[in-house]
Amino acid sequence: MPTICKPSVDVPEHVITMEETLKFAEETHHGKPQLPLALRLIRNTGVVKRHIVQPIEQTLRHPGLEQRNKTFETEAKKRCPRVIEEALANAQLTARDIDAIIFVSCTGFMMPSMTAWLINNMGFRTDTRQIPIAQLGCAAGGAAINRAHDFCTAYPHSNVLIVSCELCSLCYQPDDDNIGSLLSDGLFGDAVAAAVVRGQGGTGMSLERNASHIIPHTEDWISYAVRPTGFHFQLDRRVPGTMQPSPPSCATSPPATAGTSPPSTSTSSTPAAPHPHRPQHLPRRRPHMFRHSSATLTQYGNIASAVVLDALRRLFEENTLTPHATGLIAGFGPGITAEMAVGRWHTPTTPTIPAPRHHTTPATL
């Protein structure tokens with residue numbers, strides 16, 4: 001059964017605190033009527049600090065879309081290799097063992113994809129499959145895990161590398177002053193993450209099934225407006241209310257298949273790595289389940305598709321899981337889309353629960 005091994009995560013060296021964010025927002029958008037509300041919303045995010053690839057003074061200037069995209073490419077090529085090497089080591093594999101690379105990002109554009117550069121420069125085989133995912137936003141981390149699961153289910157002896165490179169600070173638009181844009185200025189951070197899904201062996205979360213769900217008629221609630229100056233983030237005020245019930249429903253909706261049982265959501269021991277919500281939008285009865293994604297939000301901000309990998313990394317490092325402990329991974333993003341996976345904690349010495357004879361497609365939520 002495919003197993004996702006311990007992820008590797010790295011954040012840039014430049015740090016901006018909540019206090020600095022509020023200060024720069026007041027200076028940059030002074031006099032704007034939406035500013036008082038935006039400052040209040042930023043304070044309520046729970047984000048204590050974020051990491052960005054450039055000093056804040058440089059980030060606040062817009063050098064043009066071409067230069068920003070060049071910066072994305074330069075920084076991606078500089079930062080991805082060491083994260084990938086650590087993820088491979090965590091999975092006890094080498095680049096030659098990888099059969100497919102899934103590269104996800106919504107903050108920069110490259111063609112050919114970053115996957116081609118990785119294959120040419122990091123020793124991956126020339127027949128390695130390339131699977132870039134560019135337009136799923138924050139949901140792309142969950143989608144990458146699910147597509148890796150699907151690939152390893154179809155090719156049981158394969159190994160898939162997932163790479164997330166999100167440099168959200170390169171999307172800052174100094175002239176945007178709507179509430180959604182101002183809130184995003186105080187919410188998003190930069191990070192690079194990687195993880196390996198092994199078709200056989202490995203220690204980690206053994207993936208049993210996955211599901212996708214789109215909330216109807218919400219495709220314009222989280223979006224980019226593409227303009228000459230690049231990507232302009234748009235966030236509808238209805239999003240928090242839409243997302244509030246998502247974690248518990250996602251946890252229980254993928255149906256059980258032969259030989260397995262649905263993941264428990266009633267005990268705090270159940271591992272969970274969902275996309276982070278603001279503190280007031282977490283389920284009141286089970287906040288302990290969301291401690292890792294909350295920690296990611298507090299310490300790194302919203303790092304888009306890298307969030308689920310960082311929450312999963314924290315779960316590994318907590319080192320409290322017992323064999324067969326059930327778990328949930330969930331990513332949410334534009335669409336509004338949810339990508340979910342459930343599985344069990346597995347080590348090489350853990351007896352394997354037989355997989356169902358036929359692949360079962362999860363029912364619609």
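Of everything listed in (1) of a type outside the set (A, V, I, L, M, F, W, C); (2) at pLDDT 90 or above; (3) within 22 Å of residue 37 (Cα to Cα), the single unmet condition for residue 185 is (2). Would you mind stating whether residue 50 is closer than 30 Å to residue 204 by Cβ, assigned by TED's automatic domain parsing to the domain that holds residue 154 and not in a loop (DSSP other than H, G, I, E, B)? In short, yes. The residue pairs whose first member lies in region 310-323 and is within 17 Å of residue 163 (Cα to Cα), whose second member is among the basic types (Lys, Arg) and at pLDDT 85 or above, and whose beta carbons are closer than 7 Å, counting only pairs six or more residues apart or on different chains, are 313/6. With a requirement of 2 or more residues that are on the phi > 0 side of the Ramachandran plot, the strands (runs of 3 or more DSSP E) lying completely within region 173-233 that satisfy it span 204-218. Would you say residue 149 is part of a loop (DSSP other than H, G, I, E, B) and over 20 Å from residue 68 (Cβ atoms)? It is false that residue 149 is part of a loop (DSSP other than H, G, I, E, B) and over 20 Å from residue 68 (Cβ atoms). Selection over region 107-132 of residues that are touching a strand residue (DSSP E or B) at 6+ places or on another chain (Cβ under 9 Å) and over 13 Å from residue 73 (Cα atoms) gives a count of 7. In the condition set (1) over 30 Å from residue 344 (Cα atoms); (2) surrounded by 24 or more Cβ atoms within 10 Å (Cβ to Cβ); (3) aliphatic (A, V, I, L, M), residue 226 is compliant with all but (2).
Sub-7 Å Cβ pairs linking a first residue in region 79-96 that is assigned to a loop (DSSP other than H, G, I, E, B) to a second residue that is at pLDDT below 95, at least 6 apart or interchain, are 91/202, ordered by first then second residue.
Here 140, 134, 191, 154 are screened, and the one residue that is closer than 24 Å to residue 70 by Cβ, out of contact with any Pro (no Cβ under 7 Å at 6 or more places or on another chain), modelled with pLDDT of 95 or more and of a type in the set (Gly, Ala, Ser) is 191. I need the full set of residues from region 40-58 which are under 16 Å from residue 26 (Cα atoms) and in contact with a His (Cβ under 9 Å, 6 or more places away or on another chain), in order please. Passing the criteria: only 56. Restricting the first member to region 110-134 and to residues that are in the same structural domain as residue 152 (by TED's automatic domain parsing) and crowded, with 17+ Cβ neighbours inside 10 Å, and the second to residues that are of a type in the set (D, E, K, R) and assigned to a helix (DSSP H, G or I), the beta-carbon pairs closer than 6 Å and six or more apart or on different chains are 110/73.
For region 1-44, residues that are under 26 Å from residue 194 (Cβ atoms), touching a residue at least 40 places away in the same chain (Cβ under 8 Å) and either assigned to a loop (DSSP other than H, G, I, E, B) or of a type in the set (Phe, Trp, Tyr) (or both) total 7. Quick check: is even one residue across region 194-209 farther than 30 Å from residue 324 by Cα, within 19 Å of the chain's Cα centre (by Cα), crowded, with 23+ Cβ neighbours inside 10 Å and in contact (Cβ under 8 Å) with a residue 12 or more places away in the chain? Among the residues of region 194-209, not one is farther than 30 Å from residue 324 by Cα, within 19 Å of the chain's Cα centre (by Cα), crowded, with 23+ Cβ neighbours inside 10 Å and in contact (Cβ under 8 Å) with a residue 12 or more places away in the chain, which makes the answer no.
The values are calculated or read from the model by the stated rules, or taken from the named source; none is laboratory data. Every value quoted in this text rests on a predicted model; they were computed, and no experiment measured them. So basically every Cβ, Gly included, is an ideal-geometry build from the backbone, and we count neighbours across all protein chains shown.
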